[in-house]
Amino acid sequence: MNCADINCELLVKLIRLKKYSERKFGSTESLSKTRNSIVDNKDLSKEADINKQIDVSFPSIFFAKQIDMEIIEMILCQKNIRIEKKFKECENEYFRRSTLQLEEKSDVDELLATPILTHDHVDFKIKRTKQLTDRTCFVLKILVSDQQNKVDENRVKLYISLLVGNSISYRIFNLSISDEKAYLVQCNNDIDFDRIRQQYETRRQLQGRDVTLMQIHEYDTASIYYIDEHKTMKYDDLENILQSVRKYVFTFQLVNEYCAEVEFINSVAFKEWMSVIEKVKDKYRVNVEPIIQEVDDGNYTENSSSSTTENIPFNFDKPNLVSITLRSEWSMVAAHPVFQLEYKDYIQRNDYMIAARPQDLFELRGKLFPKPNQNFQTDRRNPPRNYQPDNRLLPVPLMQQEIVEPPSSSLPAAKPANTSSIFPITKAEEMNMFLMDKFEERLQEHLKEICNVNIIIERHAVNDKVKGDKTRIRIKLTGEMNDVESALNDLSNLFSSLRTREFNDKTDGNWTKIEEVVDLIQHHFALINLHALCQRISPTCLHVYFFDVTNPQFGIDEQKIDDIINNQFSLATIIHNQRLASAKFIKEWTDLEEKIRKQDNYKKDICFSREADSFYLFGLTKLVKELRQTFEQLKNKYIPQACKISLSDKQLNFLRYVAKTNLNKIEKQYKGDGCDISLTRLEQHGHFLAPVDMHSRIKDTLEALKLAVIFYVRFILAFPSVGCGKLGFDPSIIAQHMIDETEAQLISSKSTMNVSFILVQEQQNVYDAFVKYLNTIQTNVAQQSSKSKTSQHLKIPYDEKIIEITLIGSNNAQLDQCKNDILELANACLFKTRLTDKQDMMDWSQNTISTYYDHCLKQHVIPTLNFNTLSIELVGPKDAVREAEKHFYELTTETLKAARIHAVSRGIIWSVEVTPNSDTWEQYSFKLNGLIEDAYLKKLVNYDFVNDKQERCRIVFSNMEEFHGTDVRRIRRKVVDSLLPDTWEPSDQNCKRVVLQSSSKEYRDVSQQFAATMRGQYTQIVKIERIQNERWFKQYAAHRDDFKQRYKTLDERLLFHGCDGTSANKIAQECFNRSFAGVHGVAYGCGVYFHSHANYSHSYAKPDISGQRTMFLARVLIGKTCRGNQGMKTPLPGHDTTTDGQHIFVIYHDAGAYADHLITYQ
């Protein structure tokens, strides 16, 4: 080889990388970190077994400081995987990489089944160290010496078909260079390479040129560079290019400023990316070339740990730029930000010689040992055209850092080289210190003065999977090596002395809630040149960051911070109820706040905030005291105070029914002053609210209305015999219950009252049932009958109740006014309306009818429901009738329809085929199942809906098929006759909640499981209810039967689910609704979460106003489960649920769980 033809700069780099790799990883304690690494046979050959080795990749310390090899080792130990040998890790700016040798070879295959593991929101990836032979690919090479005589591409394709045979399909990737044609052949199936080699031996030439057949290793790495050869490649560019496959990237690094290498977790992931690589290349204007390694026929064995990288042949007859493909550990080292410094140090301590032409020595010295502020860069330019090899070679001892020239030339000794190093700022509190005014400036001055180095503080954005885009800080130090090391130590000592002082509302007071308090404190820190930073961490918590006194340049005493905050500042709290305040008070208070805000010292010496009925002032003690006095004066002037007044029940009734108009006028008159003179307050509290100076005036007005009132009230009550008509209940049962309950109420109330039962004329059987039962209890009934069915009536005589009201007063005008008010009230009550053609009444259940009657009677409205004419007649006060009419429409909306759907679909399961003609079925969701059954029973031709995947679908009942776009799937209707649990009570309701007796075994079993992990977190169990939702249980049972057929052993567990009381009521009626998934996070998938421990679910069981919480104990079908992550909307194919690997389980089907019991506790 003619050394003059070699690029000297690349040669020195290669020597550096080689020596660095041997020094850093070649010790007897570890193996060289590389794919198919070569081991020092003298020391480690007995210990190393590449068949048991794996490579591990995880983010660099700059992006994931919370994870290291020790954590990874412990995670593997949890999986019962033992590590036999550990090797030192290497890293670049983005990744750390290491090799582990496991005790068992089978552990390698087990880990590779799930090559991506997650801990603390950080992925670490695993791949096999040993490179296997690729069973689907090979390479053909054809040497082309004459560019004019090109190879016929069609002839090449025919030749490849001859090698692989007609039964195997394949793809061809052209990897050709100028003087050599190279083709990567990727087959869709495994190939018999021995057969291909035999076929190759029969024809080793094509168009008179030699053809080389190469067997290759599985390839998972590629080079990426821009088509524009002058455009540099950056890490941000790589992130964009690899965005769609970032999860499957093992490592990547910049080989130089123009080119990068990307390594995937395995060849399968890489080949999938290569299948769409043309889109990537077109989008980003890049070239992507796979890095191929040839299997050495002579030396390769399955147990060998060496590998040979096949590159484009070098031609030393021309002055071409030499390309060298580095091993993984060399590339990782070369990309590390401190590799230059360490290699220069190594070269200085070892006797190296370098050979070069005299005219290149100055340029080479400048690149290898740059002057201050001169960065080392790789020259990508081709050698000049007039380049002529020169055989004059001179030895150069690099240890002395000078270049020796021939005796005819002399060079001055090179000055000590400047070097650069990076100090990363990774912690949030460390980066916060750079927000302080003049901190950067003072830090730069300090390091330049003390350490004689220049610093550049760089900021750049990085992406955090959990927290999103964040800004990172790096301190770049430039100077002589010893100075840089001193500066690094100084920075390390500085940030290790960083401390945090916390202030919160519980220990320090409500001033921590004031938003502007951070600006105020920071202002006073700056006034005395205190290097401390105040920051808000939460709405009620502040942190003050500072360097402690161990650092002489920037350190401060923590007591000084406490003295400033506790001694210079004060907090004042003013309590007032703005809801009761007058408009004048609110205006003057707001004006005073605005005046303070506009002062120059706001957020410097004073600040404030409002919270509910509290107003907080914080700042310099003297200023807070003055402003507090001003606010208190304003408060006393306008805030309403309680004034007691005695009113008897008769006087309150008079104000309620007779003098209501006068009271409303008084209340309206004083409302603008924040007064509360409502009848509710007078009745419940015995006082009214008004400013102090208005107490006597309002009290005199109310005293004038205090009249003695006597009421004599008699009334009539009537109600229908509901349930005997279209609903089909037994009339005798209805008659018995209604008459018995009426009699019991009359006896208990000791009232004289006549009750009429209103019956429909056409229902003779109902009439007979009431008459028969009345006779059996020997009530005084006068019965008149006739032969005609239409004239048969039952009349119960009653004494008409006459209301007599006696008014007593001293003023005739007021008595006349009261009389008119009473008459006006009576006339207002005489309002009647009729609702007709109400078909929705036919969907009403007995419970719905009773609910409507209760609502109307509470509003003093008498309803008459006629199911024959589908009409409703309402009689009562006008406003109350309107309210009853409104309530009717509310009952006939979605809630009522849902109740009917529950009823019609009980015991019916609708399913859809997962894929056409697969005979694998999946149930529709709980809600859709009822809607489809309702449409089926109504004999609709088709039914349109949106499924759980937000796909618009249509069911055609005649064909029993579901249509979505061009997709057609079969559907089926299955009648389920699953037996209900033996413990259930009989019920005609779809959903019934049964309160368990505390002495029952069922109660004890549930309470014991609940209490197992809830010690100290509750005081008592209020009640335990059994949820009897027949429709939901039958769907669950059908789903469970499907699991029994699919799996030998049924994995059904009792797990907890905590929620608030409102959600618990909805769940009991409608099952666990996946539409609310994500409200409390989706760490393990977007589904419904359950936990095996009640104390975990306790945190999601929010208390109501009485302090009571609710938690379900549910049956959950686990089936085949896999580890979930926050991106999962469904489990992995072939799985039913997801999990955290221990106690959390997530379901994705409505029928996957059933709420057995609801526990209410406090």
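The values are calculated or read from the model by the stated rules, or taken from the named source; none is laboratory data. Just so it is clear, the structure is predicted and the values come from calculations on it, not from any experiment. Here the Cβ positions follow ideal geometry from the backbone for every residue, glycine too, while neighbour counts run over all protein chains shown. The area values use the complete protein model at the heavy-atom level, side chains included, leaving out ligands, DNA and RNA. Shrake-Rupley method; radii C 1.70, N 1.55, O 1.52, S 1.80 Å.
Of all residues in the range 692-715, how many are part of a loop (DSSP other than H, G, I, E, B) and modelled with pLDDT of 80 or more? Let's see the steps before the verdict.
First pass over the range 692-715, keeping only residues part of a loop (DSSP other than H, G, I, E, B): 704-708, 713-715.
Subsequent filtering for residues that are modelled with pLDDT of 80 or more retains none.
Number of matching residues: 0.
Which fully enclosed helices (runs of 4 or more DSSP H) of the range 239-352 have 3 or more residues being modelled with pLDDT of 85 or more? Write out each step before concluding.
Numbers: elements: 267-274, 277-284, 328-335, 339-348.
Hits in the range 239-352: 267-274, 277-284.
When residues of the range 186-198 are filtered for being within 57 Å of the chain's Cα centre (by Cα), surrounded by 11 or more Cβ atoms within 10 Å (Cβ to Cβ) and not aliphatic (A, V, I, L, M), how many remain? It would help to see each step written out before you state the result.
Going through the range 186-198, the residues within 57 Å of the chain's Cα centre (by Cα) turn out to be 186-197.
Keeping just the survivors that are surrounded by 11 or more Cβ atoms within 10 Å (Cβ to Cβ) gives 186-187, 189, 191-193, 195-197.
Restricting the remaining residues to those that are not aliphatic (A, V, I, L, M) gives 186-187, 189, 192-193, 195, 197.
So the answer is 7.
So if I check each of ARG155, ARG171, which one is touching a strand residue (DSSP E or B) at 6+ places or on another chain (Cβ under 8 Å), assigned to a helix (DSSP H, G or I), modelled with pLDDT under 90 and of a type outside the set (Val, Ile, Thr)?
On the way: ARG171 fails: assigned to a helix (DSSP H, G or I).
After ruling out the rest, the residue left standing is ARG155.
Could you list all residues from the range 603-613 that are in a strand (DSSP E or B), in contact (Cβ under 8 Å) with a residue 40 or more places away in the chain and open to solvent by 20 Å² or more (accessible area, probe 1.4 Å)? Give the steps one after another, and end with the answer.
Of all residues in the range 603-613, those in a strand (DSSP E or B) come to 606-611.
Filter once more, so that each one left must be in contact (Cβ under 8 Å) with a residue 40 or more places away in the chain: 606-609, 611.
Within the range 603-613, SER609, GLU611 qualify.
Taking the options LEU980, LEU928, name whichever one is under 18 Å from ARG1031 (Cα atoms), of a type in the set (A, V, I, L, M, F, W, C) and in a loop (DSSP other than H, G, I, E, B). Outline the logic, then answer.
Details: LEU928 fails: in a loop (DSSP other than H, G, I, E, B).
Only one candidate qualifies: LEU980.
Going through the range 858-875 one residue at a time, which ones are charged (D, E, K, R) and open to solvent by less than 70 Å² (accessible area, probe 1.4 Å)?
Restricting attention to the range 858-875, the residues satisfying the condition of being charged (D, E, K, R) are 858, 873.
Result: GLU873, single match.
For LEU100, are the conditions met, namely being in contact (Cβ under 8 Å) with a residue 12 or more places away in the chain, closer than 23 Å to GLU263 by Cα and within 38 Å of the chain's Cα centre (by Cα)? First the steps, then the outcome.
On the way: in contact (Cβ under 8 Å) with a residue 12 or more places away in the chain: yes; closer than 23 Å to GLU263 by Cα: yes; within 38 Å of the chain's Cα centre (by Cα): yes.
Considered against the rule, which asks whether it is in contact (Cβ under 8 Å) with a residue 12 or more places away in the chain, closer than 23 Å to GLU263 by Cα and within 38 Å of the chain's Cα centre (by Cα), LEU100 comes out as yes.
Given (1) open to solvent by 70 Å² or more (accessible area, probe 1.4 Å); (2) closer than 22 Å to ASP123 by Cα; (3) polar (S, T, N, Q), where does THR202 come up short, assuming only one miss?
Failing condition for THR202: (2).
Looking only at the range 116-141, how many residues end up being of a type outside the set (S, T, N, Q) and over 23 Å from GLN293 (Cα atoms)?
Here is the first cut: in the range 116-141, the ones of a type outside the set (S, T, N, Q) are 116-117, 119-128, 130, 132, 134-135, 137-141.
If we keep only those that are over 23 Å from GLN293 (Cα atoms) too, we end up with 116-117, 119-124.
Count: 8.
Counting only residues that are within 52 Å of the chain's Cα centre (by Cα) and surrounded by 15 or more Cβ atoms within 10 Å (Cβ to Cβ), which one in the range 650-677 is nearest to CYS818 (Cα to Cα)? Let's see the steps before the verdict.
Start the filter on the range 650-677 by keeping residues that are within 52 Å of the chain's Cα centre (by Cα), which leaves 667-668, 670-677.
Applying the additional criterion that residues be surrounded by 15 or more Cβ atoms within 10 Å (Cβ to Cβ) yields 667, 670, 673-677.
On the way: GLU667: 19, TYR670: 23, ASP673: 29, GLY674: 29, CYS675: 26, ASP676: 24, ILE677: 21 Å.
In this case the residue turns out to be GLU667.
Please state which of the following conditions ASP600 fails to meet, knowing it meets all the rest: (1) open to solvent by 50 Å² or more (accessible area, probe 1.4 Å); (2) farther than 23 Å from GLN522 by Cβ; (3) not in a helix (DSSP H, G or I).
The single condition ASP600 does not satisfy is (2).
Counting just the residues of the range 513-547 that are touching a Ser or Thr at 6+ places or on another chain (Cβ under 7 Å) and open to solvent by 40 Å² or more (accessible area, probe 1.4 Å), which one comes out nearest to ALA572 (Cα to Cα)?
Of everything passing the filter in the range 513-547, LYS513 is nearest to ALA572 (Cα to Cα).
Where the second residue is at pLDDT 85 or above and the first is open to solvent by 80 Å² or more (accessible area, probe 1.4 Å) and lies in the range 157-171, which pairs have Cβ atoms under 6 Å and are six or more apart or on separate chains?
Qualifying pairs under 6 Å: ARG171/GLN186.
For the range 945-960, how many residues are under 18 Å from ARG970 (Cβ atoms), open to solvent by 50 Å² or more (accessible area, probe 1.4 Å) and not in a loop (DSSP other than H, G, I, E, B)?
Residues flagged as under 18 Å from ARG970 (Cβ atoms), open to solvent by 50 Å² or more (accessible area, probe 1.4 Å) and not in a loop (DSSP other than H, G, I, E, B) within the range 945-960 amount to 1.
With the requirement that a residue be of a type in the set (Gly, Ala, Ser) and in contact with a helix residue (DSSP H, G or I) (Cβ under 7 Å, 6 or more places away or on another chain), what does the range 480-498 give you?
Of the residues in the range 480-498, the ones of a type in the set (Gly, Ala, Ser) are 486-487, 492, 496-497.
SER486, ALA487 - these are the residues of the range 480-498 that are of a type in the set (Gly, Ala, Ser) and in contact with a helix residue (DSSP H, G or I) (Cβ under 7 Å, 6 or more places away or on another chain).
Quick one: which residue in LEU1050, LEU1117 is within 26 Å of TRP910 (Cβ to Cβ), open to solvent by 50 Å² or more (accessible area, probe 1.4 Å) and among the hydrophobic types (A, V, I, L, M, F, W, C)? Walk me through how you get there before you give the answer.
Details: LEU1117 fails: open to solvent by 50 Å² or more (accessible area, probe 1.4 Å).
Sole residue among the options that is within 26 Å of TRP910 (Cβ to Cβ), open to solvent by 50 Å² or more (accessible area, probe 1.4 Å) and among the hydrophobic types (A, V, I, L, M, F, W, C): LEU1050.
Got a sec? Which strands (runs of 3 or more DSSP E) wholly within the range 1044-1162 have at least 2 residues that are more than 22 Å from ASP120 (Cβ to Cβ)?
Working: elements: 1052-1059, 1088-1091, 1109-1117, 1121-1123, 1137-1139, 1144-1147, 1153-1161.
Ranges flagged: 1052-1059, 1088-1091, 1109-1117, 1153-1161.
CYS1071 versus (1) under 27 Å from LYS1001 (Cβ atoms); (2) modelled with pLDDT under 90; (3) more than 23 Å from the chain's Cα centre (by Cα): which is the lone unmet condition?
(3)
Of LYS560, LYS595, which residue is within 25 Å of PHE503 (Cα to Cα), open to solvent by 40 Å² or more (accessible area, probe 1.4 Å) and of a type outside the set (Ser, Thr, Tyr)? Quick ask: steps written out before the conclusion?
Values: LYS595 fails: within 25 Å of PHE503 (Cα to Cα).
One residue alone meets the criteria, LYS560.
Using the structure shown, decide if LEU1132 is closer than 30 Å to LEU111 by Cβ and aliphatic (A, V, I, L, M).
yes
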